[in-house]
Amino acid sequence: MKKIFIFFILNLPFLFSFSQLPFGYDKYLEELKNKNPTLYNFEKRLKDIQKEIQRLIKDYQEGKVSKGDLKDKLKPLIKEEIEIIDNPEYRVEQRLEGILRTLPSQKTKSTPPIKIEISPEK
């Protein structure tokens, strides 16, 4: 499973461009900046790494960088990307953010809280 994940990470620049992200991604990052600075820092760095990888690949495709130089420049970026993705703090923050986004807003009165009553065993 980890090999597949690493393969995906290594080929991510060929499959995905941050310029193709939905317009809402930058808004999401801005919300994170205020709401969850820790996750924001991780996500922002991952985005910056991907932009740098894309720039390097473009330079290689245009003949500005040799294949050897490209590899030398990609290795530390990909290593940092994998370190962030494997960081337990990042994963916890990511999951918590996902959970919080799915919970109904506390400000909304239209959704009453769920009450669960447990009767004592007989």
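The values are calculated or read from the model by the stated rules, or taken from the named source; none is laboratory data. Quick caveat: nothing in here was measured; it's all calculated off a predicted structure. Ideal geometry is used to build each Cβ from the backbone, glycine not excepted, and the neighbour counts take in all protein chains shown.
Some observations on this one:
- Conditions (1) modelled with pLDDT of 95 or more; (2) surrounded by fewer than 12 Cβ atoms within 10 Å (Cβ to Cβ); (3) not β-branched (Val, Ile, Thr): number failed by Glu30: (1)
- Every test in (1) modelled with pLDDT under 90; (2) surrounded by fewer than 14 Cβ atoms within 10 Å (Cβ to Cβ) is passed by Pro13 save one, and that test is (2).
- Some residue of segment 53-62 being hydroxyl-bearing (Ser, Thr, Tyr), surrounded by 13 or more Cβ atoms within 10 Å (Cβ to Cβ) and more than 23 Å from Glu31 (Cβ to Cβ): yes
- Close Cβ contacts (under 7 Å, 6 or more residues apart or on different chains) running from residues in segment 75-98 that are more than 17 Å from Leu39 (Cβ to Cβ) to residues that are at pLDDT below 95 and in a helix (DSSP H, G or I) comprise Ile78/Ile9; Ile78/Leu10; Ile82/Ile9.
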